[in-house]
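Take a look at the structure below.
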DNA sequence: CTGTTAGCGCATTCAT
DNA sequence: ATGAATGCGCTAACAG
């Protein structure tokens, strides 16, 4: 029948069936210590006959660790977060660690609940993409005080948690180099379409844009989604824009932007050049393909794995902050650098 | 410091600090039974002072339930699965249940591992989007034999697990009605761009297409991703297609298809009409917006919630199979029905 | 209303 | 190499 009760078969049952002690069953199944081959096979067949499956809750309570790593994402809908989740899953599969993912649903309250849940379930480490640059501090600090905690992609300053992410300002520098090598910025209008600086990534990308492009360019801020990109396009068109170079804070924003611009009859890159950020898979199937600043997801997940395997402790006891350099990926949505 | 050891504060510590028994601490914190207000406040301040946080592993071991529901997705990159995960997260937040998500990474082996992990951790229920229509049977059966198990979106025949999904054949019927009301099918070439029938959804959508459109239309089968859509477009163009009505098995396929067709200079819907399936958010920001068969995600997650809350048992003990009718959402990628 | 006690399932001592 | 005994942290019986 569907949904039978939890497996009632316990180690004691297997031990009885095999005529050995529970200790021998435990040692046989975990293979952590040598066991007489004869008893070993008796235990294995007994376990098989009874359909025994280890109760991981009992094991976790006893060992104090769960062979589990938690990941808290703000939201499943953002494809960049999904990509990180997928890569992390793979990274931890090899060492025999299960990655469990929890969505904060863009809410501080839910984020805190996720921390409580994972900490209370004795995860070996906790990876968090914080919802808010400032207000996630409570969640992050709580997490960091009880378990190896790594902030991913975004960070909350002043917490004791590790951090892995890209250098967003450097990413904007790459964009500036690319754009300025092909466009006369003095003649060509440009604008930044970003997100409200409530997350460190949004904040740093905005800062980076200002630093490299100067303070005179128009700036439109919304949220990290395609709908905002569409709205921004509508606004630009209403303001009389008919051409320009649009630097965005995320691929999803760029996608919405391009879609609306094209629907209004403009050409990309003919009228507008558009540049994204993140490097999600979608950039290759936009038309035109999107020029973007790619976050090296493999290097990021690798860094996290190493941090977790070292027990989350740096040599000097200080939290590690690993910033990886992103790379420009040329698409057809912006002019190639003229040689 | 980053990654301090697990919180060593236990109920016994709080009880000692407050001068009460652990039972009183438990009762106060869980609020399950009345406690003298005086003791109650002493317990609460003691817990606060010591920074006590309940160990959910101990609670789970004791109670046999974890207030947790597991979700196993084949993969995080498919936006429809992400959407389901997000909606399920919300659906279970209210009843105080944490949804934990595990990616099978499109592998049967990993899928089975996910089942073992969740079952071993005493989830109250397990929701699975099976990787394979046939070969996931081992995972699903194992799950169903130990915990309330619900197959979502796809199903493995012959298992004892519940199932929630849409009627895919009916979806294809809606597509046929829409297309035939506006296009003379006898004159207008049509084709199906689907996925290899290794999942029930791919299978049923293919069957549905054949049933309603007949067996004479060309059929191209690949996988549920945009890259396949692009490749299919390339193939159609190479075969000399210059116009037609293209019915797909998924929005992501349709997106890749449109992108490549447009890049090759064709017009949608001028030359090609394209129709998707699933109803992910992206359909609204494609240009043109995509006509699609929308899966009513809210109704699906609601059905799951009800199933879980009823303890995963149907009235008659038989597994429940809930098929929900999808709905056609008109976009600009296909002709509107002529009145 | 509160305290004492027991035991969930397991891995690990400590003895043999 | 094996078995007996212990206790991880918690809640539910039971007694008071």
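Structural remarks
- Between B:171, B:276, B:214, the Gaussian network model of chain B with springs among Cα atoms under 10 angstrom shows the greatest mean-square fluctuation at B:214.
- Approximate spin-label separation residue A:329-residue B:316, in nm, with each point projected 7 Å along Cα-to-Cβ: 5.2 nm
- Percent RCO, i.e. relative contact order, over the range A:1-140, from Cα pairs under 8 Å lying at least 6 residues apart: 22 percent
- In the elastic network of chain B, a GNM with C-alpha springs shorter than 10 Å, the most mobile of B:60, B:22, B:292 is B:22.
- Label-point gap, in nm, between residue B:234 and residue B:188 - each point 7 angstrom along Cα→Cβ: 2.8 nm
- Counting Cβ atoms of other protein chains within 10 Å of each residue's Cβ and taking the mean over peptide B:117-123 gives 6.
- Each of B:280, B:32 has some number of other Cβ atoms within 10 Å of its Cβ, and from fewest to most they run B:32, B:280.
- Principal-axis tilt of helix B:251-263 within chain B, Cα atoms, nearest 10 degrees: 40 degrees
- The mean number of Cβ atoms from other chains found within 10 Å of a Cβ in peptide B:225-238 is 1, as a whole number.
- Förster radius 56 Å - calculated FRET efficiency between residue A:36 and residue B:41 (Cβ-Cβ, nearest 0.05): 0.45
- Relative exposure of A:99, B:29, judged by other C-beta atoms within 10 Å (fewest first): B:29, A:99
- Sequence-separation-based contact order of the range A:110-188, relative, with Cα cut under 8 Å and 6+ spacing, percent: 24 percent
- Folded to 0 to 90 degrees: helix A:226-238 orientation relative to chain A principal axis, Cα: 10 degrees
- Put in order of Cβ neighbour count within 10 Å, fewest first, the listed residues B:129, B:253 become B:129, B:253.
- Restricting the calculation to alpha carbons of the range A:75-152 gives Rg and Dmax of 12.1, 35 angstrom.
- Considering only alpha-carbon pairs that sit under 8 angstrom and 6 or more positions apart, the relative contact order computed for chain B is 14 percent.
- In nanometres and ascending order, the distances from the residue A:95 label point to those of the other copies are 3.5 (point 7 Å from Cα along Cα→Cβ).
- Sorted shortest first, the distances from the residue A:45 label point to those of the same residue in the other copies are 6.5 nm; each point sits 7 Å from Cα along Cα-to-Cβ.
- Placing a label point 7 Å from the Cα of residue B:181 along the Cα-to-Cβ direction, the distances to the matching points in the other copies come to 5.3 nm, shortest first.
- Overall size of chain B from C-alpha positions, given as principal axis extents largest first: 86, 46, 40 Å.
- At an R0 of 25 angstrom, the distance between the Cβ atoms of residue A:107 and residue A:160 translates into a FRET efficiency of 0.60.
- Residue with peak Gaussian network fluctuation, chain B [Cα springs, cutoff 10 Å], from B:23, B:104, B:249: B:23
- Crossing angle, helix B:79-93 versus chain B [Cα axis fit, 0-90 degrees, rounded to tens]: 30 degrees
- Alpha carbon centroid spacing (whole Å) that separates the range A:197-267 from the range A:60-102: 32 Å
Taken together, the values in this text are just the output of simple stated rules run on the coordinates, not laboratory data. In this text the structure is predicted, and so the values were computed from the model without any measurement. No Cβ is skipped: glycine too gets one built from the backbone with ideal geometry, and neighbour counts run over all protein chains shown.
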